[in-house]
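For reference, the structure discussed in these notes is given below.
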Amino acid sequence: MYKDKRVVVVMPAFNAARTLRKTYDEVMAQEIVDEVIIVDDASEDKTVDIAKKLPKSIVHVHSKNLGYGGNQKTCYDISLKRGADIIIMVHPDYQYTPKLIPAMASMIGNNLYHCVLGSRILGGYAVKNGMPVWKYLANRFLTLVENFLIGAKLSEYHTGFRAFSRELLEKLPLEDNSNDFLFDNQMLTQIIWMGYAIAEISCPTKYFPEASSIDFFRSVKYGVGCLLTAIAFRMAKMKVVNSKLFCKFSPHMREGRKL
């Protein structure tokens, strides 16, 4: 709980048995999390068995693998139904440190922002912390192009450590988004389209064999998808095309008022 606001951590899990408990313990050590929602995407290891033994947790199991984006859709849907006011996504692979949860929750709980990202790029230690050079360069290139097309100034669009307000999640048309990794990118462009400011804090990350990561070819597919999303944003803003990602609400509209 943070200032009478219910704080819920969601964990989209897939084959996370080796790191789930360690991540969970650090999440609960922050002493402000009311509940952890773990959504298992048809794991083939002991993820579900471990998750069911964790106190103050809700475990939901997909009968078939829906993908990273599909997993998040379930995470956010359950969190809202269970009365969450501040929703923080933490990957259960222990790549992102849960020690930043209080800072992220305070930025939302004090009504400063509705979306906070844990950036691996701010601070300049991404490569030193183990990020492969090719991923770092791809991240910087994609972010540069996306910022230009979208008109934002984010340090990166590709972090998996994110916090949201209830107000924001209730307004986003998440069901229209991809069920794959592109979901993350589409979600951020929708938030920017709606006129919400996005905050970032520097987040140290760890890269080790147990940490989840997509391979080179899926990374290329993801990168192309990010560029196409940014182009769709720009063309929709110019009223050249109507994109299903943005057509359900007017650009830069928030609570019925133009910003």
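Tabulated values for the structure
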quantity	calculated
Protection proxy ranking, peptides 83-96, 133-146, average beta carbon neighbours within 10 Å, highest first	83-96, 133-146
Size descriptor, Kirkwood hydrodynamic radius, that averages inverse alpha-carbon separations across the range 16-107, Å	13.6
Theoretical FRET efficiency, 1/(1+(r/R0)^6), r = Cβ-Cβ of TRP134 and ARG21, R0 35 Å, to 0.05	0.65
Gain on full stretching of the segment that runs from VAL145 to VAL224 - 0.36 nm per residue minus C-alpha separation	27.3 nm
Net charge of Cβ neighbours under 14 Å - reference ASN71; Lys, Arg +1; Asp, Glu -1	-4
Point-charge dipole on Cβ atoms (K/R +1, D/E -1) for the range 7-258, about Cα centre, debye to 20	620
Residue among GLY195, ALA163, PHE148 farthest towards the positive dipole end of the range 126-242, charges placed on Cβ	PHE148
Residue-span extension gain [VAL241 to TYR207] - 0.36 nm each, minus C-alpha spacing	8.2 nm
14 Å beta-carbon shell around ILE58, net charge (K/R +1, D/E -1)	+2
Computed [θ] at 222 nm, helices only, for the chain once each DSSP H run of length n ≥ 4 contributes -39500 (n - 2.57)	-11500 deg cm²/dmol
Axial C-alpha extent at least 30 Å, average Kyte-Doolittle at least 1.0 - helices from the chain (DSSP)	none
Cβ-placed point charges (K, R +1; D, E -1), dipole of the range 72-217 about Cα centre in debye, nearest 20	420
Within the chain, percent of DSSP bridges classed antiparallel, to nearest 5	35
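All of the numbers you see were taken from the coordinates with simple rules; none came from a lab. These figures come from a predicted structure and were not determined experimentally. Backbone-built Cβ (ideal geometry, glycine too); neighbour counts: all protein chains shown.
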